[in-house]
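Enquirer: Have a look at the structure that comes next, please.
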Amino acid sequence: MMRKGYMGKILMVNLTTGDIHEETLPDTVYRKYLGGMGLGAHILYNRIPKGADPLGPDNILGFLPGLLTGTGSLFTGRWMVVGKSPLTGGWGDANCGGTFSPEIKHCGYDGIFVSGISPKPVYLYVDDYTKELRDASEVWGMDAVETEEYLEKHSKKSGKKPKVVCIGPSGENISLISGISTDKGRMAARSGLGAVMGSKKLKAIVLSGQKRIRPHNHDEMKRISKICNAWVRFQPPFVTGPMTAFVGALLRIMPTVLTQDGMLYKILLKKWGTVSMNQMSPEMGDAPIKNWKGSSKDWGIRKSYSSNPDVFKKCETVKFHCYSCPLGCGGICTMEGKYSHTHKPEYETVLSLGGFCMNDDVESIFYLNELLNRAGMDTISAGHAVAFAIECYEEGIITKNDTDGLELTWGNSKAIIALIEKMVKREGFGHVLADGVKQAVLRIGKGSEAFAIHAGGQEPAMHDSRNDPGFALHYSVEPTPGRHTLGSHLYYEMFQLWKVVKDIPKIPPMYLKGSKYKNNEKQAAIGAANSRFMTLVNSTGACMFGAFIGAKRFRLFDWMNAATGWELGPNQYMDLAGDIHTLKQAFNVKHGIEPKDCKISERALGRPVQNQGANKGRSIDIEEMMAHYWEEFGWDSITGKPTRETLEKLTAQA
Amino acid sequence: MAYYITEDCIGCTSCAKLCPTGAAQGEKKKHHQIVQEHCIECGTCGRICPKDAVEDPFGSRVKGEKKKFWKKPEFNLKTCSACGICVDACPVGCIIYGKASKKDKTAYPELISNDGCISCGFCVYECPVDAVTLVPPQDVAEEKNVA
């Protein structure tokens with residue numbers, strides 16, 4: 001009997017031939033690649049042939065729980081979906097919570113990998129006795145929520161409810177900004193992996209397993225979890241929703257910054273969820289406004305008041321906890337006469353469809369959140385596509401003739417709704433935008449590339465890289481560019497990694513804001529530590545919000561040792577993570593990606609600099625920072641490609 | 001590691017009816033067996049067996065008991081953080097999130113079916129913060145004491 005936290009097997013599914021078989025993995029694979037993202041990188045690097053079409057049969061889509069999922073650790077119920085991204089052409093991954101992750105392990109697997117293309121729509125059903133592809137013609141065309149309800153009802157045998165992940169119409173239409181949905185509205189949205197699933201004609205995966213997940217040292221797991229839980233439960237009464245805006249304004253005005261303890265964010269997240277940042281972020285300069293052109297002046301407290309955190313809190317009927325999460329930042333909302341059950345919009349959704357498009361109609365945001373969740377489309381990329389189109393319209397590059405009569409002006413919520421409805425259906429002008437801004441530029445031309453903000457094809461998130469150089473770095477250098485969940489200066493402050501990991505930069509208790517823009521070498525070292533740590537987080541199935549409370553309270557390294565029986569130190573784990581990170585970059589190079597081309601668009605780097613607002617005068621010397629970051633991993637400082645020595649070291653250890 | 005049905009089995013099918021994974025199998029009045037691959041060691045077969053014919057993975061006989069006396073989970077909401085691990089761990093889907101609390105809209109786990117609960121104790125074992133305990137059902141506990 002295995003008592004190592006992992007199951008020791010993966011499931012390989014070939015949709016072209018219908019072959020489904022298990023593969024046993026040796027312990028050495030786990031010891032080197034851990035699980036989740038790391039295991040995904042190992043399988044995909046070795047098995048996707050060079051130059052494979054992301055939407056073709058050679059691409060492999062992997063669904064992976066984390067190494068720590070189900071082992072008695074907290075905040076470790078997230079799953080990864082990995083594949084070659086059709087949006088960037090390189091390494092693609094997306095992360096999602098909900099209750100699906102442990103079910104993969106209950107079925108006995110540390111990953112389910114799907115290759116080939118099915119001749120007709122199918123869904124994969126796995127339980128303890130059955131592994132089969134079933135006809136999905138009944139559900140093809142249904143939205144993500146309907147699909148899940150239908151498959152739950154038709155797959156339930158007795159007792160436990162089966163767990164479902166599926167794509168909506170957006171993924172079926174192979175929209176390159178579509179994601180994979182679970183729990184009726186939670187989404188692994190990024191990297192366009194919903195389109196990969198759609199291209200394979202795989203509508204859903206339904207799992208219903210009963211196998212148990214056994215950690216090496218159960219008592220030790222509990223001991224560490226209790227420490228974490230005690231910190232999460234600490235919840236003093238806090239300010240009202242609109243008052244968060246003033247906290248943000250204070251952070252903007254102050255020339256110095258106190259190193260921020262993630263407990264503050266934990267308290268906000270526990271009370272409101274991510275929407276707690278709706279007003280605070282624009283005020284402190286963390287939220288890009290008006291397609292990265294505007295500032296906190298354009299989206300002041302009065303405008304952002306429409307989406308203040310209390311608006312969302314009021315219609316929240318019950319909190320939503322992902323599996324093994326003691327925090328519960330999610331929520332289910334009910335709006336009389338409109339929705340009986342809709343997931344509370346996240347901060348990213350509210351800002352990308354709100355301030356980013358200058359839209360202060362909060363009802364439209366609720367509607368669009370539900371529409372996009374059901375369609376299975378990424379709200380961040382959709383918001384970017386809409387803001388891009390509005391700017392093109394305002395600048396006269398496109399007219400009403402191009403937009404099917406829509407008057408695409410800033411803040412015109414009716415036009416925004418109509419446009420997104422078209423994008424979901426790929427109708428008319430919606431088709432132009434349904435694959436993200438990079439593809440839209442190819443379809444529109446006429447100099448529209450100036451308004452398309454992306455990094456290597458992927459739209460960045462609602463965190464302004466001019467306000468935090470860390471975001472600029474991670475948007476530009478990660479193997480999956482344009483992502484906000486892999487690091488920033490603020491995240492580093494909250495992770496407090498230097499308290500447990502040796503030889504990484506320490507952040508002083510107080511520092512001048514401007515100092516972040518000066519020492520590029522230190523910023524790169526911070527970025528490298530963030531990337532390594534987030535690789536561990538994503539390989540263990542952990543949640544970044546959990547990691548925010550600090551490394552001494554959220555003891556990821558101790559949990560890993562207790563779950564597996566290994567006796568590795570934090571620095572050894574960080575080294576393993578560095579190797580996984582290099583493997584992802586090697587995947588990109590293998591598939592023809594030039595890392596330096598993934599640099600985020602100039603506007604997001606403060607070129608030209610803004611002349612007003614929180615980020616006035618800020619610009620990022622990204623090129624120098626990127627070179628230092630690449631050196632941190634043994635990649636070439638000019639091309640960003642792993643050097644021969646680094647790759648030889650990587651293969652020698654395998 | 002799995003439970004094992006000894007030769008004392010009379011083939012009453014009680015274990016096969018209750019086994020949450022279908023691992024306990026056999027025809028009526030014939031010796032039953034447990035398919036090792038599917039056994040999750042919940043011990044239900046042993047608890048329901050009228051002849052104490054089942055051995056646990058360590059080779060000890062499991063003592064059977066009338067189902068109405070089986071212990072049920074009780075949740076200590078002062079410690080519970082509603083992380084859902086017990087909801088996921090319950091092999092018969094008897095634990096679900098209840099109604100949202102008025103205080104902070106958190107829904108805590110609750111047992112939805114006394115009859116469905118197989119008293120496996122997985123919720124207790126898996127709870128990372130020891131907020132679940134197994135207690136005798138109150139009404140029948142009194143009955144048992146009187147008896």
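Enquirer: Which of the residues spanning the range A:515-529 are more than 12 Å from A:G578 (Cβ to Cβ) and either in contact with a strand residue (DSSP E or B) (Cβ under 7 Å, 6 or more places away or on another chain) or in contact (Cβ under 8 Å) with a residue 12 or more places away in the chain (or both)?
Expert: Scanning the range A:515-529 gives A:K516, A:Y517, A:N520, A:E521, A:K522, A:Q523, A:A524, A:A525, A:I526, A:G527.
Enquirer: Here is a further query. Scan the range A:546-572 for residues that are surrounded by fewer than 24 Cβ atoms within 10 Å (Cβ to Cβ) and either touching a Pro at 6+ places or on another chain (Cβ under 6 Å) or in a helix (DSSP H, G or I) (or both) and report the count.
Expert: The qualifying residues number 7.
Enquirer: Tell me, please, whether a residue that is of a type in the set (A, V, I, L, M), surrounded by 24 or more Cβ atoms within 10 Å (Cβ to Cβ) and within 17 Å of A:F545 (Cα to Cα) can be found in the range A:308-331.
Expert: The answer is yes, given that some residue of the range A:308-331 is of a type in the set (A, V, I, L, M), surrounded by 24 or more Cβ atoms within 10 Å (Cβ to Cβ) and within 17 Å of A:F545 (Cα to Cα).
Enquirer: Take the range A:320-365 and flag every residue that is within 30 Å of B:L77 (Cβ to Cβ) and without any contact (Cβ under 8 Å) to a residue 24 or more places away in the chain.
Expert: A:H321, A:I332, A:T334, A:E336, A:S340, listed by residue number.
Enquirer: Between residues in the range A:242-258 that are farther than 20 Å from A:Y517 by Cα and residues that are open to solvent by 90 Å² or more (accessible area, probe 1.4 Å) and assigned to a helix (DSSP H, G or I), which pairs lie under 7 Å by C-beta distance while being six or more apart or on different chains?
Expert: A:P242/A:Y305
Enquirer: Collect the residues in the range B:25-52 that are outside any loop (DSSP other than H, G, I, E, B) and away from chain A (no Cβ under 13 Å), keeping them in residue-number order.
Expert: Once the filter is applied, which keeps residues that are outside any loop (DSSP other than H, G, I, E, B) and away from chain A (no Cβ under 13 Å), the range B:25-52 yields B:Q33, B:I34, B:C45, B:G46, B:R47, B:I48.
Enquirer: Hey, another quick one. Name every residue in the range B:106-120 that is modelled with pLDDT under 95 and of a type in the set (D, E), in order of residue number.
Expert: Scanning the range B:106-120 gives a single hit, B:D115.
Enquirer: Having 1 or more residues that are under 16 Å from the mean Cα position of the chain (by Cα) is the bar; report the strands (runs of 3 or more DSSP E) wholly within the range A:55-139 that clear it.
Expert: The qualifying strands (runs of 3 or more DSSP E) are A:61-64, A:79-84, A:91-96.
Enquirer: A follow-up question, please. With respect to A:A652, determine if the residue is at pLDDT below 95 and of a type in the set (G, A, S).
Expert: Yes, satisfied.
Enquirer: Out of A:E346, A:E316, I need the residue that is within 14 Å of chain B (Cβ to nearest Cβ), of a type in the set (D, E, K, R) and in contact with a strand residue (DSSP E or B) (Cβ under 9 Å, 6 or more places away or on another chain). Which one?
Expert: Answer to the check: A:E316.
Enquirer: I've got another one for you. Exactly one of (1) away from chain B (no Cβ under 14 Å); (2) more than 20 Å from the chain's Cα centre (by Cα) is unmet by A:D378. Its number?
Expert: (2)
Enquirer: Something else about it: Taking B:V92 as the residue in question, decide whether it is in contact with a Pro (Cβ under 9 Å, 6 or more places away or on another chain), assigned to a helix (DSSP H, G or I) and over 16 Å from B:Y3 (Cβ atoms).
Expert: Answer is no for this residue.
Enquirer: In the range A:479-501, which residues are within 15 Å of A:Q523 (Cβ to Cβ), of a type outside the set (A, V, I, L, M, F, W, C) and free of Cβ contacts under 8 Å to residues at least 60 places away in the same chain?
Expert: Correct list: A:G487, A:S488, A:H489, A:Y491, A:Y492.
Enquirer: Do we find a residue being assigned by TED's automatic domain parsing to the domain that holds A:G179 and open to solvent by 60 Å² or more (accessible area, probe 1.4 Å) anywhere in the range A:33-45?
Expert: yes
Enquirer: Follow-up question, since we're still on this one. Name the residues in the range B:19-47 that are open to solvent by 40 Å² or more (accessible area, probe 1.4 Å) and under 27 Å from A:R214 (Cα atoms), would you?
Expert: Correct list: B:Q25, B:Q33, B:V35, B:Q36, B:E37, B:R47.
Enquirer: Look at A:Q235 and say whether it is surrounded by fewer than 15 Cβ atoms within 10 Å (Cβ to Cβ) and facing chain B (nearest Cβ under 9 Å).
Expert: The answer is yes for A:Q235.
Enquirer: A:S304 versus (1) farther than 30 Å from A:V609 by Cα; (2) surrounded by 23 or more Cβ atoms within 10 Å (Cβ to Cβ); (3) over 24 Å from the mean Cα position of the chain (by Cα): which is the lone unmet condition?
Expert: (1)
Enquirer: While we're on this one: Just to be sure before I move on: is A:Q439 open to solvent by 50 Å² or more (accessible area, probe 1.4 Å) and in contact with a Leu (Cβ under 7 Å, 6 or more places away or on another chain) in the structure I sent?
Expert: So A:Q439 passes the test.
Enquirer: Restricting attention to the range A:599-617, which residues are open to solvent by less than 60 Å² (accessible area, probe 1.4 Å) and at negative phi?
Expert: A:K599, A:I600, A:S601, A:R603, A:A604, A:L605, A:Q610, A:A614, A:N615
Enquirer: Within the range A:367-387, is there a residue that is in contact with a Pro (Cβ under 8 Å, 6 or more places away or on another chain) and at positive phi?
Expert: Yes, the range A:367-387 contains at least one residue that is in contact with a Pro (Cβ under 8 Å, 6 or more places away or on another chain) and at positive phi.
Enquirer: If you check A:S295 against the conditions, is it hydroxyl-bearing (S, T, Y) and in a helix (DSSP H, G or I)?
Expert: no
Enquirer: Given the condition in a helix (DSSP H, G or I), among the polar types (S, T, N, Q) and open to solvent by 10 Å² or more (accessible area, probe 1.4 Å), answer yes or no: does some residue in the range A:445-454 qualify?
Expert: No, the range A:445-454 contains no residue that is in a helix (DSSP H, G or I), among the polar types (S, T, N, Q) and open to solvent by 10 Å² or more (accessible area, probe 1.4 Å).
Enquirer: Among the residues of the range B:53-87 satisfying the criterion of being assigned to a helix (DSSP H, G or I) and within 21 Å of A:F75 (Cβ to Cβ), which is most open to solvent (accessible area, probe 1.4 Å)?
Expert: If we take residues in the range B:53-87 being assigned to a helix (DSSP H, G or I) and within 21 Å of A:F75 (Cβ to Cβ), then B:V87 is most open to solvent (accessible area, probe 1.4 Å).
Enquirer: Checking the condition under 21 Å from the mean Cα position of the chain (by Cα) and of a type in the set (V, I, T), which residue from A:T317, A:T342 passes?
Expert: It is A:T342.
Enquirer: Next up: Go through B:C90, B:C123 for me and flag whichever is touching a Cys at 6+ places or on another chain (Cβ under 8 Å), within 11 Å of chain A (Cβ to nearest Cβ) and either hydrophobic (A, V, I, L, M, F, W, C) or open to solvent by less than 30 Å² (accessible area, probe 1.4 Å) (or both).
Expert: So the residue among B:C90, B:C123 that is touching a Cys at 6+ places or on another chain (Cβ under 8 Å), within 11 Å of chain A (Cβ to nearest Cβ) and either hydrophobic (A, V, I, L, M, F, W, C) or open to solvent by less than 30 Å² (accessible area, probe 1.4 Å) (or both) is B:C90.
Each row is one residue, and each column tells you yes or no for (1) without any contact (Cβ under 8 Å) to a residue 12 or more places away in the chain; (2) open to solvent by less than 60 Å² (accessible area, probe 1.4 Å).
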{"residue": "A:E624", "(1), (2)": "no, no"}
{"residue": "A:E631", "(1), (2)": "no, no"}
{"residue": "A:T643", "(1), (2)": "yes, yes"}
{"residue": "A:E648", "(1), (2)": "yes, no"}
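Enquirer: Does B:I96 satisfy the criteria of being within 14 Å of chain A (Cβ to nearest Cβ), touching a Phe, Trp or Tyr at 6+ places or on another chain (Cβ under 8 Å) and β-branched (V, I, T)?
Expert: Answer is no for this residue.
Enquirer: Related question: I want to confirm something. Restricting to the range B:1-18 and keeping residues that are under 19 Å from A:Q210 (Cα atoms) and open to solvent by 30 Å² or more (accessible area, probe 1.4 Å), which single residue is nearest to the other protein chains (Cβ to nearest Cβ)?
Expert: B:M1
Enquirer: Can I ask one more? Checking A:Y491 against (1) surrounded by fewer than 24 Cβ atoms within 10 Å (Cβ to Cβ); (2) under 26 Å from A:G40 (Cβ atoms), which test does it fail?
Expert: (1) is the only condition that A:Y491 fails.
The values are calculated or read from the model by the stated rules, or taken from the named source; none is laboratory data. Being a predicted model, the structure only gives us computed values, none of them experimental. Don't worry about glycine lacking a Cβ; one is built from the backbone with ideal geometry, like all the others, and counts go over all protein chains shown. The protein model used for the area step is the full one, side chains on, heavy atoms only, and it has no ligands, DNA or RNA in it. Shrake-Rupley method; radii C 1.70, N 1.55, O 1.52, S 1.80 Å.
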